[in-house]
1. How big is the dipole moment of region 2-149 about its Cα centre under a simple scheme where the beta carbon of each Lys and Arg is +1, that of each Asp and Glu is -1, and everything else is neutral? Debye, nearest 20, please.
2. For the chain, what relative contact order do you get, as a whole percent, if you take Cα pairs closer than 8 Å and at least 6 residues apart?
3. What fraction, in whole percent, of alpha-carbon pairs in the chain exceed 23 Å separation?
4. Output the DSSP H helices from the chain with an along-axis C-alpha extent of no less than 30 Å and a mean Kyte-Doolittle hydropathy no less than -0.5.
5. Cα-based count: Lys pairs in region 2-149 below 12 Å, eight or more positions apart or different chains?
6. Could you tell me the center-to-center distance, by alpha carbons, between region 49-110 and region 25-48 in angstrom?
7. If we count other beta carbons within 10 Å of each Cβ, what is the order of V83, V114, fewest first?
8. Quick check: net charge around T54, other residues with Cβ under 11 Å of its Cβ, Lys/Arg +1 and Asp/Glu -1?
Amino acid sequence: MKKILLMILLACSQSVWTQEKPNTLLDGLHQDAHEGNFESYFNRYTSDAIFLGTDKTERWTIEEFKAYAKPAFADGHGWTYKVIERNWEGEDNTKWFDEILFSEKLGHCRGTGVVEFTNGEWKIAHYALTMLVPNSIAADVGSQTIEADK
């Protein structure tokens, strides 16, 4: 009986640990971006990570994303997104998430991605940032997008 109880407690503590660590990873990512901590920000990604930005041309390897972000971080300020909510799925060493963010520049956005537990730590393997467009203005935004793409 004691052995079963110990196994249940261990399993529960493991699931809490795995939930807390990825949250800490993403919270730290957003804090590093806000403070312009270039090295710390990019150390949160795997070496083969992919970042998708809001523009259709923004599909970057981590090295390409670093080149894009370097000027934004140079003055000690990257970008600021406030986390509104976050959801997790997955088990074991791979989890995926979606989060609603708020930016003074872009309004509400959604971040989605995948994190992996490798070499004893959680890292971001894939991150995608999209702008959330209210349905009431979606057609107008779509028309502007089509025009801008010409």
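Throughout, read-outs are computed from the coordinates displayed, never taken from laboratory work. The shown structure was predicted, so the numbers you read here are calculated from the model rather than taken from an experiment. In this analysis, Cβ positions are derived from the backbone assuming ideal geometry, glycine residues included, and neighbour counts consider all displayed protein chains.
1. Values: 14 positive and 23 negative charges, 111 e Å.
Computed charge dipole of region 2-149: roughly 540 debye.
2. Details: 210 pairs, mean separation 29.1, N = 150.
Relative contact order for the chain comes out at 19 percent.
3. Numbers: 4898 of 11175 pairs.
Summing the P(r) tail past 23 Å for the chain gives 44 percent.
4. Details: long enough: 2-35 (48 Å, -0.12).
Within the chain the helices that satisfy the rule are 2-35.
5. On the way: K21/K95; K21/K123; K82/K105; K95/K123.
Lysine pairs satisfying the spacing and distance rule in region 2-149 number 4.
6. Region 49-110 and region 25-48 have Cα centres separated by 10 Å.
7. Details: V83 14, V114 18.
Ranked by crowding around the Cβ, least crowded first: V83, V114.
8. Working: positive: K56, K105, R110; negative: D55, E58.
Around T54, the charge tally is +1.
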